[in-house]
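Structure record follows, encoded as structure tokens.
The values are calculated or read from the model by the stated rules, or taken from the named source; none is laboratory data. What you see is a predicted model, and the numbers here were worked out from it, not measured in a lab. FYI the Cβ positions are ideal-geometry reconstructions off the backbone, even for glycines, and counts take in every protein chain you see. Side chains are part of the model used for accessible areas, which takes the heavy atoms of the whole protein and leaves out ligands, DNA and RNA. Shrake-Rupley method; radii C 1.70, N 1.55, O 1.52, S 1.80 Å.
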Amino acid sequence: MDALCSADPRPRGQPPLGSCPEPGPGASPLPWARFSAWLECVCVVTFDLELGQAMELVYPYDFRLTEKEKTNICYLSFPDSYSGSLGDTQFSFRVRQSGGQRNSHFGDDGEYNREAPLTLQRESAHYFGYVYFRQVKDSSMKRGYFQKSLVLVSRLPYVNLFQSLLQLIAPEYFDKLEPCLEAVCNEIDQWPPPVPGQTLNLPVMGIVIQVRIPSRVDKPGSSPLKQFNQENLLPAPLVLPSVHELDLFRCFQPVLIHIQMLWELMLLGEPIVVMAPSPTISSEMVLALTSCLTPLKYCCDYRPYFTIHDSEFKEYTTRTQAPPNIVVGVTNPFFIKTLQHWPHLLRIGELKMSGDLPKQVKVKKLTKLKTLDTKPGIYTSYKTFLHKDKTLIKRLLKGVQRKRPSEVQSALLRRHLLELTQSFIIPLEHYIASLMPLQRAITPWKNPPQIRPFRQEDFMKTLEHAGPQLTCVLRGDWLGLYRRFFKSPNFDGWYRQRHKEMTQKLEALHLEAICEANIVAWMKDKSEVEIVDLVLKLREKLIRARCHHLPVKEETLQRVGLYIETIIGSLPEDLQTVLHHH
């Protein structure tokens, strides 16, 4: 460890104010820029007899975590009750960033987020922690145990990639305790950035991990990564079918017959506690739940693993206000008492088989919630709006009987959830598209017309002829489900995103209309004041188009630039000088 701790850190440079560094092919403009495209830092958390969990190391050394972030990461990096479990454990957490936004050394957040699916965007206010915890007997330690966690901290929700990476590097780090961490970080600093739509080869410790970064233009539910470009790679690469998808069938095993209810609760952004026997099961269940709305983005908060030491503990357990819209995964039974006022608690135990299918938990009344010995179950008074899909359960059961591989069962489950979400969201997409002004209403010399307001009752009227029943066999109270959805953060997030995209499309169409207009003819009967006003407005539009990356062709932007020069050239020289300096 001493050799590792005394290794010379590479300084992390700061970009000049107002600059937006764009890494060119081959070289990064800043130290650690390529590393920062994937990870914020790597932490080693150990158990100190006097302090409890303590941060042993943060690498790169000059990455600054606030004291609150360090404390949260330390507590979230160890299982809540780890006395009994020996061996290796992997799990994930998500923690709120504190101390304001910080500059990323990776200067390309905007471009990545524009091209990545909404569900895989880089987080701006939270960190993900991917943990590999080891506890083994060790007589040389005062406590009799070796207890340590290696944690990858990232803004990317690539659970599958980072947990696979930990499986390669953590055992090596724990067993040899040699300074391999610095070497691994230097290797990651050579990786190409995660560009949506690209298949990448990522070398680490003599192995090449091959992944495809999902893109916003991918067809939902399209097949995962096909093996690619392998003839030149020796040894053969470790191909990950997905950077983020979990084995849904394994995660949802104890609740398969309630998948409909859980989908509805997630769609409506309801507060849910997941009480599990280990952080692995808790974090996988929470991440599986948040993924079941794809391609709709889950816009509420979620904590795959949460402890009583977390800085948000008081905020989530207070009884003076309604529980927040959050899914929180816990393992400490103390939470059953502190969160018993929450409307939905999913208690899962260790996996038990019941015939061919894992034992399914039952829905129970909240009054049955016992603080000390709570049996597995979904404790809720929620009544579903839609009827249960029995054909899905039959198909999954048939798959179990035929020993169908778990990934095939997961694909079935994912396809079912995708079709359900699409059936729900397509009528909303059709209605919001109808609020867009007609293209012929966009004229060059007037501000573009406004997008019409979203009226819930008008939308409801469209459902009779163009509702979910066209694409979904499920019956039930769809109207009631929409009405409840309109009150949820998920509707608010979806509507804001769509409205922003439509506004940008309108601005782009307006720019195109200007390009097709006869500016010289327009200028004939206009005063100098009106012409100068047009120059300033066009300049502003050009700046907005470039800064906000509007969906406009480059040639259109160049034509607008030429128009501006043409207009300025028609003005008296003194005005030309003023406008060129403006």
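Taking 7 Å along the Cα-to-C-beta vector as the label spot, tell me the residue 54-residue 118 distance in nanometres, rounded to one decimal.
Result: 4.6 nm between the two label points.
Could you please report the charge total around residue 242, scoring K, R as +1 and D, E as -1 over all other residues with beta-carbon less than 11 angstrom from its beta-carbon?
Details: positive: 212, 414; negative: 245, 247, 407.
That works out to -1.
Just to verify a number: what accessible area does residue 139 come out at with the full protein assembly present, 1.4 Å probe, Å² rounded to tens?
Ignoring ligands and nucleic acids, residue 139 comes out at about 120 Å².
Considering every Cα-Cα pair within segment 406-481, what fraction, in whole percent, is farther apart than 20 Å? Write down the numbers at each step before the final one.
Working: 1416 of 2850 pairs.
Roughly 50 percent, once rounded to a whole number.
Determine the calculated [θ] at 222 nm for the chain from helices alone, applying -39500 (n - 2.57) to every DSSP H run no shorter than 4 residues and normalising by the residue count; nearest 500 deg cm²/dmol.
Details: 20 runs with 227 residues, N = 582.
Per the formula, -12000 deg cm²/dmol.
Quick one: how many Å² of residue 359 are accessible to a 1.4 Å probe, rounded to 10?
The accessible area of residue 359 comes to roughly 110 Å².
About its Cα centre, what dipole magnitude does the chain give when the only charges are +1 on Lys and Arg Cβ and -1 on Asp and Glu Cβ, stated in debye to the nearest 20?
On the way: 70 positive and 61 negative charges, 625 e Å.
My answer is approximately 3000 debye.
Over the chain, what is the percentage of antiparallel beta bridges among all DSSP beta bridges, to the nearest 5?
75
Using the Cα atoms of the chain, I'd like the radius of gyration and the largest Cα-Cα distance, Dmax, both in angstrom.
When restricted to the Cα atoms of the chain, Rg and Dmax are 27.4, 93 Å.
Just how many pairs of Lys in segment 365-420 have C-alpha atoms closer than 16 Å, counting pairs that are eight or more places apart or on different chains? Present the calculation step by step, with values, prior to reporting the outcome.
On the way: 365/375; 365/383; 390/398; 394/403.
Here the count comes out as 4.
Could you calculate the contour length gain from residue 238 to residue 539, that is, 0.36 nm times the residue separation minus the distance between their Cα atoms, to one decimal place in nm?
103.3 nm
Quick one: dipole size for segment 373-467, taken about the Cα centre, charges +1 on Lys/Arg Cβ and -1 on Asp/Glu Cβ, in debye to the nearest 20. Could you put the intermediate results ahead of the total?
Details: 17 positive and 8 negative charges, 106 e Å.
Here segment 373-467 has a charge dipole of around 500 debye.
Starting from segment 144-206, pick out the trypsin sites (Lys or Arg not before Pro) whose DSSP state is loop and whose Cβ has at most 10 other Cβ atoms within 10 Å. Working shown, then result.
Details: sites: 148, 155, 176; in loops: 155.
When the trypsin sites (Lys or Arg not before Pro) of segment 144-206 are filtered for loop state and at most 10 Cβ neighbours within 10 Å, nothing remains.
How many Å² of accessible area per residue for the chain, probe 1.4 Å? Each step should come with its number before you reach the end.
On the way: 28640 Å² over 582 residues.
Per-residue value: 49 Å².
Working out 0.36 nm times the residue gap between residue 576 and residue 309, then minus their Cα-Cα distance, what length gain in nm do you get to one decimal? Before the final figure, lay out each step's value.
Numbers: separation 267, 0.36 × 267 = 96.12 nm, distance 6.46 nm.
Going from the current span to full extension adds 89.7 nm.
With Cβ to Cβ distances under 14 Å as the rule, what net charge do the other residues near residue 385 carry (K, R +1; D, E -1)?
On the way: positive: 383, 388, 475, 483, 484, 487; negative: 264, 270, 389, 477.
Once all neighbours under 14 Å are counted, the net charge is +2.
Using only C-alpha positions, report the orientation-averaged shadow area of the convex hull of segment 458-564, nm², one decimal. It would help to have the intermediate numbers written out before the result.
On the way: hull surface 42.9 nm².
The Cα convex hull of segment 458-564, projected and averaged over all directions, gives 10.7 nm².
Apply 1/(1 + (r/R0)^6) to the Cβ-Cβ distance of residue 465 and residue 441, taking R0 = 45 Å, and write down the FRET efficiency to the nearest 0.05. All intermediate terms of the calculation are to be shown ahead of the outcome.
Numbers: r = 26 Å, r/R0 = 0.57.
For residue 465 and residue 441, the calculated efficiency is 0.95.
Any chance you could give the angle, 0 to 90 degrees and rounded to 10, that helix 279-291 forms with the longest Cα principal axis of the chain?
It is inclined by approximately 30 degrees.
How much of the accessible area of the chain, in percent, comes from carbon and sulfur atoms when a 1.4 Å probe is used? Show your work: numbers first, answer last.
Numbers: 15370 of 28640 Å².
Summing carbon and sulfur atoms, their accessible area is 54 percent of the total for the chain.
Given a cut-off of under 8 Å on Cα pairs at least six residues apart, what relative contact order in percent is computed for segment 273-401? All intermediate terms of the calculation are to be shown ahead of the outcome.
On the way: 175 pairs, mean separation 33.1, N = 129.
It comes to 26 percent, rounded to a whole number.
On a straight-distance basis, which lysines could pair with residue 553 in a cross-link, Cα separation under 25 angstrom, same-chain partners fewer than 8 positions away excluded?
Of all the lysines, those that pass the test against residue 553 - Cα under 25 Å, at least 8 places apart if same chain - are 219, 446, 500, 505, 537, 541.
Ignoring GluC sites (Glu not before Pro) that are buried or in helix or strand per DSSP, and keeping those with at most 11 other beta carbon atoms within 10 Å, what is the longest stretch of the chain between them?
Details: sites that count: 50, 231, 350.
Answer from the scan: 351-582.
Sort 310, 458 by heavy-atom solvent-accessible area, probe 1.4 angstrom, most to least.
On the way: 310 10, 458 65 Å².
The residues order as 458, 310, largest area first.
So which lysines can residue 70 reach, going by Cα to Cα under 27 Å and dropping same-chain residues fewer than 8 places off?
In chain and number order, the partners are 137, 142, 148, 176, 314.
Which length gain, in nm to one decimal place, applies between residue 434 and residue 555 when the Cα-Cα distance is subtracted from 0.36 nm times their residue separation?
Values: separation 121, 0.36 × 121 = 43.56 nm, distance 2.91 nm.
Answer, rounded to one decimal: 40.7 nm.
Once you put a point 7 Å from the Cα of residue 397 and another 7 Å from the Cα of residue 215, both along the Cβ direction, what distance in nm separates them?
4.3
Rounded to the nearest 0.05, what FRET efficiency is calculated for residue 406 and residue 362 with R0 set to 25 Å and r the Cβ-Cβ distance?
Values: r = 24 Å, r/R0 = 0.96.
The pair residue 406/residue 362 has a calculated efficiency of 0.55.
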